[in-house]
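Computed from the coordinates by the stated procedures, all read-outs in this text should not be read as laboratory data. This is a predicted model, so every value here is computed, not measured. Here the Cβ is made from the backbone with ideal geometry for all residues, glycine too, and neighbour counts use every protein chain on show.
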Amino acid sequence: MKNKRNRLQLIVELIKGNDIGSQSELAQRLTELGIEVTQATLSRDLKALKITKVADDNGGYKYIFPGTTELQNSRLLSGMPVAGQHMGYASLEFSGNFAVMKTRNGYAAGLAYDIDMSHAYEFLGTIAGADTVFAILREGVTHEQARRVLNQLLPHHR
């Protein structure tokens with residue numbers, strides 16, 4: 001059992017510290033560290049650790065851990081929608097260079113995070129409460145431009 005525990009710990013360290021895209025690459029790294037492992041054992045280990053393979057920015061794949069925001073962040077940065085994303089905003093109003101969005105209670109921080117991670121030119125930053133997000137518009141950005149960007153980034157629920 002101790003060997004399995006050590007092997008799992010090495011797998012965790014290798015995946016956290018490197019972009020590893022295949023079981024054969026992972027097996028090779030383990031071999032370099034003195035751990036011989038079959039493909040079947042490695043497959044079971046990855047499943048036990050709940051490690052997932054996702055597409056990377058270079059057209060390849062890499063392993064990530066469950067609960068990581070890495071996949072969501074990369075989708076947000078590329079402007080892609082995020083599956084299972086929060087409920088969105090209920091209303092949007094403007095006051096000068098502020099966009100004020102009302103959300104369901106507890107959802108504001110997630111919406112603010114998504115706006116910030118998108119690095120949309122139109123927004124300088126956000127401030128979130130429990131059910132309200134303040135987004136600060138860049139000088140010269142119209143309310144309609146901001147609304148368009150927000151509607152692309154976030155679902156709007158009435």
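Here are a few things to note about the model shown:
- Projected area, mean over directions - segment 2-68, Cα convex hull, nm²: 4.5 nm²
- Relative contact order, percent, segment 2-68 [alpha-carbon distance under 8 Å, six or more residues apart]: 31 percent
- Theoretical gain in end-to-end length, ASN6 to LYS102 [0.36 nm per residue, Cα-Cα removed]: 29.7 nm
- Local electrostatic count, ALA130, Cβ distance below 12 Å [Lys/Arg +1, Asp/Glu -1]: +1
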